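Data block below; observations after.
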Amino acid sequence: MIQKALQKEAEQARQQAEQAHQQAEQAHQRAEQAHQHAEQEFQRAEQAQEQVKQLKQALTTTEQALITTEQVLRQVDKATTLRIAQQMLKTNANIDFIMQVTGLNADEIKQLQNSEPS
């Protein structure tokens, strides 16, 4: 009878150990899944960082292009203003009137007069 009781206790202990082992395996699988999920999220974060880096580079390039465009537009505007002033000088327009229309100062207009071929 003691032997049967011991065998029964041993069997129960074995079953409990087996259940504990199964639970440990399940926990291990869940941990592996969580680890894989974390790795995927990390990869997504790295990809997002790379995209942000590329977008920043594109933004910088766009900003530089915009600055260059603005500089060119200012140069074209100045050249156009000077051409208009030259045309006005050719029609013998009053210097004060040229200054008022073009926004050029007297020195700039005098330079145009001096650079005009006679």
- Note on the structure: Listed with the fewest Cβ neighbours within 10 Å leading, M1, M99 appear as M1, M99
- Compare the Cα positions of N94, H28, Q75 along the charge dipole of the chain (+1 at Cβ of Lys, Arg; -1 at Cβ of Asp, Glu; about the Cα centre) and return the one farthest towards the positive end. N94
- Item | Relative contact order, percent, segment 2-115 [alpha-carbon distance under 8 Å, six or more residues apart] | 14 percent
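Read the figures in this text as sums done on the coordinates, not as results from a lab. These numbers were taken from a predicted model, which means no experiment stands behind them. Glycine gets a Cβ as well: all are built from the backbone with ideal geometry, and neighbour counts include every protein chain shown.
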